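First the structure, in the form of structure tokens, and then the observations on it.
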Amino acid sequence: MEFFHQRTHIDFIGNRYKFFAVSGIITILSVVVLAVRGLNYGIEFTGGNVTQITYEKPVAIHEVRLDAEKTASKDAGIQQFTGTNTFTIRIKGEGEGSAESVDKFLAELQAARPDNKFRIDQKDYVGPAVGKHLFRQALLAIVLSLLGIVVYVAFRFNNLVWGLAGVLSLVHDVLFLFAFYSFMRSEFNLTLVAAILTLAGYSINDTIVVFDRMREKMRIYRKENLGQVINQSMNETLSRTVITVLTVLIAVVALYIFGGPVIHDFAMGMTWGTILGCYSSVAIAAPLVYQFEVGHGERAAEGSAPAAGDLPPAPSPSEAPKGPQSSRAERRRRNK
């Protein structure tokens, strides 16, 4: 299945400095947003109260949220157990004052609907020590996943630079998603940590597809201009990349529309993150590999030769460079 009816000839390598400039602006803006606004941590990271209540009569969750907005704790997080009148209410706060504010909130919530009483099923308090522990664990999970990706990509492509290029584009995406949640004042909780890790997995998978085609082409066209080889590799995978992105977007937009307010932030972040992940795979990761190879690698002599244009037809099998299988066959023949 092809998205484009005709083959594209986009000069990704020739325009790499423009892409680097755009990504540099995105990175700087992301750092500024994070420095100015910070993250709106959820109770998993700051501590707070989790209360479970059950109404006597059926009531919709949006009605409970409207009641909650009329109280002093307007930012209370409310979730409903599907098919029941039971709700979970999460309110941030620390210490004894936190318990008092929760009692006041419940009294105000009950006063808003006097004809429908509710009972308190459970009240739990999450202390700040637990929150700090969870924050360290979440941060450690993100850092270790990035390190693991560096090792995996470097091992798969037998080149540490390819791994670093992939992770730099990945950090670019993750930093943007942090800044996006900071700008939107979304409650940063474990669900959003899951969104960041999901985006990291999606983005690096997209990058590896592009890298695979580049490696395949570089083995065949060893004497051709590296920019042409990478350009053609990315143009050949562009249709697949666009189709994959559109498929993922359909899923996350459907989650945003039909999934309810609880996963709005997750779906919204994944929507923008998927688009940026696609951009970084073709506009950042691959051009970074080219930049290193031209500047420091074995093909440094190519300099800034023209990168656009079609490659000549692939050499016949007899002219192609010998791969690992032929080398092993030669070794077996010599050992006989």
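Expected output is a single nm value to one decimal: the length gained when fully extending between Gln137 and Thr88, i.e. 0.36 nm times separation in residues minus the C-alpha distance. What is it?
On the way: separation 49, 0.36 × 49 = 17.64 nm, distance 2.44 nm.
Gain on extension, Gln137 to Thr88, equals 15.2 nm.
Take the solvent-accessible surface of the protein heavy atoms, probe 1.4 Å, and return the percent of it on segment 153-224 that carbon and sulfur atoms account for.
Carbon plus sulfur share of accessible area: 61 percent.
Taking a probe of 1.4 Å, how large is the accessible area per residue of segment 1-113, in Å²? Can you show the working numbers first?
Working: 6510 Å² over 113 residues.
Per-residue accessible area for segment 1-113 comes out at 58 Å².
Between Arg113 and Ile243, how many nm apart are label points set 7 Å from Cα along the C-beta direction?
Calculated label separation equals 4.8 nm.
Run the quick spin-label model on Gln122 and Ile61: label points 7 Å from Cα toward the beta carbon, then report their separation in nm to one decimal.
Roughly 1.7 nm, to one decimal.
Highest mean first, what order results for 7-15, 246-254, 85-93 on Cβ atoms within 10 Å?
Highest mean packing first, the order is 85-93, 7-15, 246-254.
Over segment 120-190, average the accessible area per residue using a 1.4 Å probe and give it in Å², no decimals. The partial results should precede the final answer.
On the way: 3790 Å² over 71 residues.
With the other protein chains kept in place, segment 120-190 gives 53 Å² per residue.
At 25 °C and 0.890 mPa s, grab the translational diffusion coefficient of segment 231-295 from Stokes-Einstein with a Kirkwood Rh over Cα pairs, rounded to a whole number in µm² per second.
185
Over all directions, what mean area does the Cα convex hull of segment 5-138 project, stated in square nanometres? Could you put the intermediate results ahead of the total?
Numbers: hull surface 58.0 nm².
So the Cα hull casts an average projection of 14.5 nm².
Please report, to one decimal in angstroms, the Kirkwood hydrodynamic radius of segment 147-289 built from all distinct Cα-Cα pairs.
Hydrodynamic radius (Kirkwood, Cα pairs) of segment 147-289 is 15.8 Å.
The values are calculated or read from the model by the stated rules, or taken from the named source; none is laboratory data. Please read all numbers here as calculations on a predicted model, not as lab measurements. Methodologically, a virtual Cβ is constructed for each residue, glycine included, from the backbone with ideal geometry; neighbour enumeration extends over all protein chains shown. Accessible surface is based on the protein model in full, side chains and every heavy atom, while ligands, DNA and RNA are left aside. Shrake-Rupley method; radii C 1.70, N 1.55, O 1.52, S 1.80 Å.
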